[in-house]
1. How far is it, in nm, from the label point at residue 366 to the one at residue 387 when both lie 7 Å from their Cα along the line to the Cβ?
2. Under the rule of -39500 (n - 2.57) per DSSP H run of 4 or more residues, summed and divided by the residues of the chain, what mean residue ellipticity at 222 nm is obtained, to the nearest 500 deg cm²/dmol?
3. Quick one: grab Rg to one decimal and Dmax as a whole number for region 201-259, Cα atoms only, in Å.
4. For the chain, modelled as a Gaussian network with Cα springs under 10 Å, which listed residue fluctuates most, 88, 39, 225?
5. Given labels modelled 7 Å from the Cα in the Cβ direction, how far is it in nm from residue 410 to residue 163?
6. Under 10 Å, Cα contacts only: if you run a Gaussian network model on the chain, which one of 194, 185, 169 comes out with the highest mean-square fluctuation?
7. With the chain treated as a Gaussian network of Cα nodes joined by springs under 10 Å, which of 281, 159, 350 yields the largest mean-square fluctuation?
8. Give me the extension gain from residue 180 to residue 307: residue separation times 0.36 nm, minus the current Cα-Cα distance, reported in nm with one decimal.
């Protein structure tokens with residue numbers, strides 16, 4: 001018999017344990033690959049979840065929203081790392097965290113959450129394309145290519161197809177193929193984890209000798225060393241503001257999607273959106289001082305948590321606990337993961353973010369929704385995320401203003417017709 005403790009009982013506890021464990025299994029390969037993609041030590045992608053989960057669980061408003069290192073933050077943090085190393089990542093993350101707390105105090109969360117879903121979908125699709133393109137050279141085993149945008153980088157890399165090596169292509173392809181198969185037959189399982197395990201087995205059997213993740217130390221990293229300069233006002237502050245905006249949109253829309261998945265079809269209170277940003281701002285400040293990437297809402301982990309029975313804040317905390325246990329007792333196996341396999345994880349995530357179902361629905365969408373989606377998606381590829389999101393929102397804003405103008409004009413015409421009689 002299950003013993004009840006207030007409104008909480010043993011069944012719900014087991015559900016929280018199952019949800020937290022599956023979320024941790026999904027978080028592990030994602031965190032490692034995202035941090036590596038940013039140019040950071042892979043373990044920092046896991047440290048982000050471990051440090052931020054308890055804070056967001058205690059201070060956040062959505063009890064089953066699970067955050068972590070995500071693709072949406074990659075362009076900003078990767079650029080900072082390229083310019084100033086781990087200290088640059090710490091700078092931009094700290095600035096973004098402060099801006100998120102400012103958004104909370106100014107009660108801007110309730111407005112950020114109103115960004116049209118098609119714009120967010122277009123942004124995700126564009127980021128997904130960038131993620132996949134960024135790993136093409138890894139999967140081909142050729143040097144990374146420069147370029148003004150993702151499309152030019154893709155063209156440059158494809159020009160090196162004759163130099164492609166079989167080993168990384170086979171390892172990354174194994175991750176993608178196995179992940180696709182697992183997702184098709186059982187969406188609840190952590191597909192990338194199975195893919196990475198299969199790629200590790202292939203590398204061991206074939207003795208490829210490809211570069212590996214290396215030793216993972218379960219210790220709190222040192223504070224990131226950096227110094228503020230006058231030039232940071234020009235370089236870091238705008239990037240931090242943009243990162244805060246993108247992270248805020250991601251967090252709030254993911255929270256809304258999770259609420260809908262749980263059957264809560266009515267949105268939470270406006271104040272809850274503001275409080276959620278404040279909680280993530282505090283949590284990301286704690287991670288940023290160590291140079292760890294920012295945490296934002298992760299749909300895959302949150303939905304997996306709910307599907308496996310997670311119902312309370314404890315599931316989020318347990319997801320961090322299970323991550324610690326996985327790294328502590330499985331570090332030997334994790335160190336042998338080929339980097340090409342992590343490249344496959346990133347490419348697989350990018351393909352998921354492209355969201356083929358949305359592209360299939362384009363002909364049935366309203367022109368304004370389809371246009372906003374396409375402009376945002378391609379804008380991310382050829383310009384930058386901020387300009388792309390702004391352009392998508394502008395399309396929706398123009399559409400609303402035009403219909404209000406038509407309605408007002410029709411009302412005036414009707415009044416004039418009545419007066420003329």
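FYI, it's all coordinate maths here, none of it is from the lab. Keep in mind that what you see is a predicted model, and the values were worked out from it rather than measured. Reconstructed Cβ throughout: ideal geometry from the backbone, glycine too, with neighbour counts over all protein chains shown.
1. Reported label-point gap for residue 366 and residue 387 is 2.8 nm.
2. -24500 deg cm²/dmol
3. Rg then Dmax for region 201-259, in Å: 20.3, 53.
4. 225
5. Result for the modelled spin labels: 6.1 nm.
6. Among 194, 185, 169, the largest mean-square fluctuation in the Gaussian network model of the chain belongs to 185.
7. In the Gaussian network model the winner is 159.
8. In short, 43.8 nm is gained.
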